[in-house]
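So the structure is just underneath, and the comments pick up after that.
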Amino acid sequence: MLLDEIKRMSYDELKKLAEDIRRRITEVVLKNGGHLASNLGTIELTLALYRVFDPREDAIIWDTGHQTYTHKILTGRDDLFHTIRTFGGLSGFVTRRESSFDWFGTGHAGTSIAAGLGFEKAFELLEEKRHVVVVIGDGALTSGMALEALNQLKNLNSKMKIILNDNGMSISPNVGGLAYHLSKLRTSPIYLKGKKVLKKVLEKTEIGFEVEEEMKYLRDSLKGMIQGTNFFESLGLKYFGPFDGHNIELLEKVFKRIRDYDYPSVVHVVTKKGKGFTAAEEDPTKYHSAPPSEKPKMLSYSELLGYTLSRIAREDKKIVAITAAMADGTGLSIFQKEHPDRFFDLGITEQTCVTFGAALGLHGMKPVVAIYSTFLQRAYDQIIHDVALQNAPVLFAIDRSGVVGEDGPTHHGLFDINYLLPVPNMKIISPSSPEEFVNSLYTLLKHLDGPVAIRYPKESFYGEVESLLENMKEIDLGWKILKRGREATIIATGTILNEVLKIPLDVTVVNALTVKPLDTAVLKEIARDHDLIITVEEAMKIGGFGSFVAQRLQEMGWQGKIVNLGVEDLFVPHGGRKELLSMLGLDSEGLTKTVLTYIKARSREGKV
């Protein structure tokens, strides 16, 4: 295992290994897709870390987990690395299901410090001698959860070692006061020069490191005079750095020095996102999550959101756009370029984004909060308490709804219908096509008078933006009967409708654009004409759209049979979207088999 071999290598051998790993990661990611820039920036950091700490014994927790490809290669998964992000292959994130070296599953930012505290307290109570090390990026550190946990380290007598991987980026460039503070720390020439001079003086003394510890007060005074109070030290943490995150020898010495300290420590390392791959260095945002190289250029729903909002906002000056460190991912960077004064990136702060939007809406603006479905889960209290309870006019643009593919269970957007349905005042729209998406946005923003969510997938399509925008119009948001048949009615919501329309059976097909409220008039019509109704949704089946329809049919006194099709009670793995829909029985072939089974069963009962 490479984990054992690296401890015997010379620094020259380690440098060569780092380049070999960098080359391997680049080749695989450009083929499979994945997080390229972030992983190229943490290779030397990981090698140095694992020369000092042993992930078999020490709890090493990687925040977010998207920068752990070197970790996987070193911990026995090198032979399978070519399968990363493919169906049945390695996950692109950290997961306990995959390896005992993955101490805590991650995928969402900001969880590592809290998890580290939990492990540390468990080790203490079980009298186990282990170190706890957290690797967290400067972007994730700005999240509320990370700051809350950081505030508890001193209170819980923690000895945690926090490696702050500072590359000035999360996905989009970092924003906010803490990002500015870190930038000052890593760039102040006066501070760095003063520290260098002090270090040389200390090195000339006979007792070296002991003198440096005794003179900590002098160094703190120096930093205080130059920059003011250090953020971390104001919380009772010891701060070291910044250090070159690509210097293995230097990092190893630093990690050895702080390994057995009996107080919480922050080691600030500065890395370059995309290091060693010129295109990723020059555009780390683009290569944060690189698509497979052979994928042709298409238009995504995210980009369509940006173009549509930009066009509508030219006439409607009340429209503002808000995102949580996802300007490019959500397509809002397009809006930002045309309307910079009405664009707000608040960093990895989903809760703040929602409440910020609520207040904007309550004072006459039309806020569009664009957040991935999986990340919006983090702001559920704010959706209820700050938006819905006050009936604030906020449009939630819920990106990556449904099966997202290779990013896997931490990123699938399968819960949004289920968690939004019970919220009073909330409307939910789920378009089935780009045209319907554009027209729905136009209609909703024209009549925004309360909370509404529009959900759309991580899908791309061939289409002309200008054509879609030129034909943009106000539409009826009710259900539409697209096809009439005799044997059953299928009600589908969202882009999964396109799979339903491929079913070669004599069935009625309904496009349920509006998930909530239900279109009772159309529902009554099909209930009158059919004894078998089947709902289809690309979301969790329990408590979802189908359950909502079944409840309403029961209230109507309908006596037929209803079948709800969606995602069963499981976490969907990673893989290609087509592969996953097939696995779930939600592609046209699987749906045809299931629908035919129920039609035959009803026929035998003499009901069809």
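The values are calculated or read from the model by the stated rules, or taken from the named source; none is laboratory data. Please read these numbers as outputs of a predicted model, since none were measured by experiment. Here Cβ is always computed from backbone atoms with ideal geometry, including for glycine, and neighbour counts include all displayed protein chains. Just the protein is used for accessible areas: all its heavy atoms, side chains included, with ligands, DNA and RNA removed. Shrake-Rupley method; radii C 1.70, N 1.55, O 1.52, S 1.80 Å.
Could you tell me which residue of the range 306-325 is surrounded by the fewest Cβ atoms within 10 Å (Cβ to Cβ), considering only residues that are assigned to a helix (DSSP H, G or I) and out of contact with any helix residue (DSSP H, G or I) (no Cβ under 7 Å at 6 or more places or on another chain)?
Glu315
Mind checking whether some residue in the range 549-565 is assigned to a loop (DSSP other than H, G, I, E, B), among the aromatic types (Phe, Trp, Tyr), in contact with a helix residue (DSSP H, G or I) (Cβ under 9 Å, 6 or more places away or on another chain) and open to solvent by 30 Å² or more (accessible area, probe 1.4 Å)? So far as the range 549-565 goes, yes, one or more of its residues are assigned to a loop (DSSP other than H, G, I, E, B), among the aromatic types (Phe, Trp, Tyr), in contact with a helix residue (DSSP H, G or I) (Cβ under 9 Å, 6 or more places away or on another chain) and open to solvent by 30 Å² or more (accessible area, probe 1.4 Å).
Annotation for the range 289-305: at least one member residue is at pLDDT below 95, in a loop (DSSP other than H, G, I, E, B) and buried (at least 20 other Cβ atoms within 10 Å of the Cβ).
If the condition is being out of contact with any Lys or Arg (no Cβ under 8 Å at 6 or more places or on another chain) and not in a helix (DSSP H, G or I), then the range 585-608 contributes Leu586, Glu605, Gly606. In the set (1) touching a strand residue (DSSP E or B) at 6+ places or on another chain (Cβ under 7 Å); (2) at pLDDT below 95, Lys516 fails one condition alone, (2). Condition check for Asp407 on (1) on the phi < 0 side of the Ramachandran plot; (2) modelled with pLDDT of 95 or more: one failure, at (2). Out of (1) touching a residue at least 24 places away in the same chain (Cβ under 8 Å); (2) open to solvent by less than 60 Å² (accessible area, probe 1.4 Å), what's the single condition that is false for Asp381? The single condition Asp381 does not satisfy is (2).
In the range 403-432, the residues that are buried (at least 21 other Cβ atoms within 10 Å of the Cβ) and assigned to a loop (DSSP other than H, G, I, E, B) form Cβ pairs under 7 Å with partners that are modelled with pLDDT of 95 or more and of a type in the set (Phe, Trp, Tyr), at six or more places apart or across chains, as follows: Pro431/Phe437; Pro431/Tyr456. Being outside any loop (DSSP other than H, G, I, E, B), closer than 22 Å to Lys129 by Cβ and open to solvent by 10 Å² or more (accessible area, probe 1.4 Å) is the filter here, so list the residues in the range 47-102 that pass it. Across the range 47-102, the qualifying residues are Arg51, Val52. Among the conditions (1) without any contact (Cβ under 8 Å) to a residue 12 or more places away in the chain; (2) in contact with a helix residue (DSSP H, G or I) (Cβ under 8 Å, 6 or more places away or on another chain), the only one that Leu445 does not satisfy is (1).
Would you point out which residue out of Glu459, Glu435 is free of Cβ contacts under 8 Å to residues at least 40 places away in the same chain, among the acidic types (Asp, Glu) and closer than 26 Å to Ser588 by Cβ?
That would be Glu435, the only listed residue that is free of Cβ contacts under 8 Å to residues at least 40 places away in the same chain, among the acidic types (Asp, Glu) and closer than 26 Å to Ser588 by Cβ.
Annotation note: of Lys458, Lys480, the sole residue that is touching a helix residue (DSSP H, G or I) at 6+ places or on another chain (Cβ under 9 Å), of a type in the set (Lys, Arg) and under 21 Å from Asp531 (Cα atoms) is Lys480.
Checking each residue in the range 326-339 for being within 24 Å of Asp138 (Cα to Cα), open to solvent by 10 Å² or more (accessible area, probe 1.4 Å) and touching a Gly at 6+ places or on another chain (Cβ under 8 Å) picks out only Ser333.
Among the residues making up the range 253-263, those that are open to solvent by 10 Å² or more (accessible area, probe 1.4 Å) and touching a strand residue (DSSP E or B) at 6+ places or on another chain (Cβ under 9 Å) are Val254, Arg257, Arg259, Tyr261, Tyr263. One residue alone among Ala115, Ala122 is crowded, with 16+ Cβ neighbours inside 10 Å, in a helix (DSSP H, G or I), at pLDDT 95 or above and small (Gly, Ala, Ser), and that residue is Ala115.
Looking across the range 125-146, just one residue is closer than 23 Å to Pro409 by Cα, outside any helix (DSSP H, G or I) and open to solvent by 10 Å² or more (accessible area, probe 1.4 Å), and that is Gly137. Of all residues in the range 29-46, those satisfying the criterion of being surrounded by 21 or more Cβ atoms within 10 Å (Cβ to Cβ), assigned to a helix (DSSP H, G or I) and not polar (S, T, N, Q) are Val29, Ala37, Leu40, Ile43, Glu44, Leu45. When we screen Glu568, Glu538, Glu605, Glu579 for residues that are over 25 Å from Ile454 (Cβ atoms), out of contact with any Phe, Trp or Tyr (no Cβ under 7 Å at 6 or more places or on another chain), of a type outside the set (S, T, N, Q) and at pLDDT 95 or above, the only hit is Glu568.
Looking across the range 340-371, the residues that are open to solvent by less than 20 Å² (accessible area, probe 1.4 Å), closer than 12 Å to Ala324 by Cβ and without any contact (Cβ under 8 Å) to a residue 60 or more places away in the chain come down to Glu350, Cys353, Val354, Gly357, Val369, Ile371. In the range 455-469, the qualifying residues are those that are open to solvent by less than 70 Å² (accessible area, probe 1.4 Å) and aromatic (Phe, Trp, Tyr), and the one that is modelled with the lowest pLDDT is Phe461. Residues of the range 470-511 that are among the aliphatic types (A, V, I, L, M), over 15 Å from Ile599 (Cα atoms) and open to solvent by 10 Å² or more (accessible area, probe 1.4 Å): Met472, Ile475, Leu477, Ile481, Leu482, Leu501.
One line per residue, one yes/no per condition, for (1) over 20 Å from Ile398 (Cβ atoms); (2) free of Cβ contacts under 8 Å to residues at least 40 places away in the same chain; (3) among the small types (Gly, Ala, Ser); (4) part of a loop (DSSP other than H, G, I, E, B):
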site	(1), (2), (3), (4)
Asp476	yes, yes, no, yes
Leu482	yes, yes, no, no
Glu487	yes, no, no, yes
Ile490	yes, no, no, no
Thr495	no, no, no, yes
Asn498	no, no, no, no
Asp506	yes, yes, no, yes
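Please work out if Asp569 is under 23 Å from the mean Cα position of the chain (by Cα) and not basic (Lys, Arg). Yes; evaluated as a whole, the condition is true for this residue. Annotation note: of Lys273, Lys256, the sole residue that is modelled with pLDDT of 95 or more and under 30 Å from Glu13 (Cα atoms) is Lys256.
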